[in-house]
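Undergrad: One structure, pasted below without further comment.
The values are calculated or read from the model by the stated rules, or taken from the named source; none is laboratory data. In this text the structure is predicted, and so the values were computed from the model without any measurement. Ideal geometry is used to build each Cβ from the backbone, glycine not excepted, and the neighbour counts take in all protein chains shown. Please note that ligands, DNA and RNA were not included when accessible areas were found on the heavy atoms of the full protein model with its side chains. Shrake-Rupley method; radii C 1.70, N 1.55, O 1.52, S 1.80 Å.
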Amino acid sequence: MSQNPYPYPYAASQQDALWWLVPVVCTPLALVFGYFDYVGSLIGSAPDVWKAAGYVVAFGMVAGSWLLPRTRAGRDWRIGMGVTGCVLAAVYGKVASAVVIAAHVVMWLQNGD
């Protein structure tokens, strides 16, 4: 039998007084992480669509944390979306760089010198 995490049945639908805290913290963090990730990655020569694609998804996750219901039940979703957006902004350039390097190595192995 699962226990209700809220002491009263109506508590989940109550307004969350600190609903804004996670989006306010995650928005600048995602921007800073995305900037430093982009500057430090090797995707500078990739087409603009590929450069922007991962960051659009990451910033969209953070923007979604602003739009979720402002109740206590939505708090976990806001935290999850904000943190996921920050992590995606921090690792997208590294993952894209690894894919580009792997593709170059495969092409080099197929074609030789």
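Undergrad: Could you please give the count of residues in region 57-76 that are part of a helix (DSSP H, G or I) and open to solvent by 80 Å² or more (accessible area, probe 1.4 Å)?
TA: 6
Undergrad: Moving on to the next point. Go over the candidates ILE101, ILE79 one by one and state the one that is at pLDDT below 90 and in a helix (DSSP H, G or I).
TA: Exactly one of ILE101, ILE79 is at pLDDT below 90 and in a helix (DSSP H, G or I), namely ILE101.
Undergrad: Oh, and also: Which count do you get for residues in region 37-62 that are in contact (Cβ under 8 Å) with a residue 12 or more places away in the chain and not hydroxyl-bearing (Ser, Thr, Tyr)?
TA: Number satisfying all stated conditions: 14.
Undergrad: Pick from VAL99, VAL91, VAL95, VAL105: which is open to solvent by 50 Å² or more (accessible area, probe 1.4 Å), without any contact (Cβ under 8 Å) to a residue 24 or more places away in the chain and under 25 Å from VAL56 (Cα atoms)?
TA: Answer to the check: VAL99.
Undergrad: Name the residues in region 14-56 that are within 14 Å of GLY80 (Cα to Cα), open to solvent by 20 Å² or more (accessible area, probe 1.4 Å) and in contact with a helix residue (DSSP H, G or I) (Cβ under 8 Å, 6 or more places away or on another chain), would you?
TA: Within region 14-56, TRP19, VAL22, VAL25, THR27 qualify.
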